[in-house]
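Only one structure is covered here, and it is reproduced in the block below.
The values are calculated or read from the model by the stated rules, or taken from the named source; none is laboratory data. Remember, it's a predicted structure, so these values are computed and weren't measured experimentally. FYI the Cβ positions are ideal-geometry reconstructions off the backbone, even for glycines, and counts take in every protein chain you see.
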Amino acid sequence: MKRNAVKSRQWFETFFAGLYGRVLAGQIDPARTRRQARLIKRVLGLRKGQSALDCPCGQGRLTVPLARLGLKMTGVDLTRPFLAKARRAAGTSHVGVDFHHSDMRTLPFDGRFDAVINWFSSFGYFDDAGNLATARAAWASLKPGGQFLVEVINKSFLLSHWHNGRDEVINGVRIVNNHRMDRTSHVRDTWTMSRGGRIERRRLCMRVFNGTEMRALLKQAGFVDIRLLGHSAKGAGRFTRHSRRFIAVGRKPIG
Ligand SMILES: C[S@@+](CC[C@H](N)C(=O)[O-])C[C@H]1O[C@@H](n2cnc3c(N)ncnc32)[C@H](O)[C@@H]1O
């Protein structure tokens with residue numbers, strides 16, 4: 001019975017716990033995170049005092065800098081140790097942030113936010129119905145006129161730069177991975193993470209999108225005025241199929 005319960009767990013319930021926590025913390029330096037927070041605020045045209053949901057918020061990497069920019073922030077994540085770390089980071093920075101444990105497909109908010117932010121390859125974790133449910137949950141959480149922002153890798157770029165067997169060290173964790181893409185555009189990846197004598201092997205399965213597919217999904221979820229921007233370490237610019245990453249923004253209609 002117990003073995004079956006473990007077996008049926010979804011990849012995203014286990015992937016982020018353990019050594020990946022160190023990888024996430026070390027992947028983007030604080031100065032770049034602050035630039036990303038300013039970029040998000042600018043792209044969404046948010047003003048001080050407006051409310052935003054960072055979902056999923058991870059360890060509060062962006063939630064806290066966004067709060068420091070004057071936004072009323074709420075953060076949601078599924079990984080409890082990340083939420084504990086995020087709460088500590090908010091305390092250290094003396095900003096008030098509401099953190100909640102929830103699945104991004106079933107959010108407990110109704111028409112509450114000016115913006116919902118899904119940043120850093122945090123979209124596409126499910127099958128098509130689950131990914132649509134994620135966008136619909138964001139839609140339901142927004143006030144009329146509110147905006148949903150998604151930042152992901154561009155499938156077109158990924159396909160034209162496909163290479164396997166990454167081997168790198170982030171924050172003291174060696175990561176070796178192997179991936180393939182299936183016919184439903186899900187990247188199936190195995191990450192072997194090691195540090196000292198500890199070795200963890202984790203599977204990941206993530207739907208990747210090109211601009212057209214993301215636009216269609218957001219439209220299906222009810223968003224209008226959908227725009228796409230290319231995104232790189234230099235900031236946001238024109239989106240093309242060559243953009244490595246992109247930002248998609250959709251608006252919940254008024255009335
Ligand atoms: C790549 S991290 C990005 C975190 C954050 N947006 C950032 O930029 O640092 C993805 C996050 O998704 C969270 N997550 C995974 N599955 C989830 C789910 N079903 N519902 C809510 N959060 C989830 C993980 O715990 C992890 O914190």
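Checking Thr184, Thr190 one by one, the residue that is surrounded by fewer than 17 Cβ atoms within 10 Å (Cβ to Cβ) and not in a strand (DSSP E or B) is Thr184 and no other.
For region 72-100, a tally of residues being in contact with a Lys or Arg (Cβ under 9 Å, 6 or more places away or on another chain) and either touching a residue at least 40 places away in the same chain (Cβ under 8 Å) or of a type in the set (Val, Ile, Thr) (or both) returns 4. A Cβ distance below 7 Å, combined with a sequence gap of six or more or placement on separate chains, defines the contacts here; from region 50-64, residues that are touching a residue at least 40 places away in the same chain (Cβ under 8 Å) and more than 13 Å from Arg88 (Cβ to Cβ) reach residues that are within 8 Å of the ligand (Cβ to nearest atom) and of a type in the set (Gly, Ala, Ser) in the pairs Pro56/Ser122.
If the condition is being in a loop (DSSP other than H, G, I, E, B) and of a type outside the set (Ser, Thr, Tyr), then region 6-21 contributes Arg9, Gln10, Phe15, Phe16, Ala17, Gly18, Leu19.
Every condition in (1) more than 9 Å from the ligand (Cβ to nearest atom); (2) closer than 22 Å to Ala233 by Cα; (3) at pLDDT below 95 holds for Val6 except the one numbered (2). Is it true that some residue in region 148-156 is modelled with pLDDT of 95 or more and either outside any strand (DSSP E or B) or surrounded by fewer than 16 Cβ atoms within 10 Å (Cβ to Cβ) (or both)? Looking through region 148-156, at least one residue is modelled with pLDDT of 95 or more and either outside any strand (DSSP E or B) or surrounded by fewer than 16 Cβ atoms within 10 Å (Cβ to Cβ) (or both).
Does Trp139 satisfy the criteria of being hydrophobic (A, V, I, L, M, F, W, C), more than 21 Å from the chain's Cα centre (by Cα) and farther than 30 Å from Gly197 by Cα?
Working: hydrophobic (A, V, I, L, M, F, W, C): yes; more than 21 Å from the chain's Cα centre (by Cα): no; farther than 30 Å from Gly197 by Cα: yes.
The answer is no for Trp139.
Just one of the listed residues (Ala84, Ala89, Ala31) is within 16 Å of His101 (Cβ to Cβ) and surrounded by fewer than 22 Cβ atoms within 10 Å (Cβ to Cβ), and it is Ala84.
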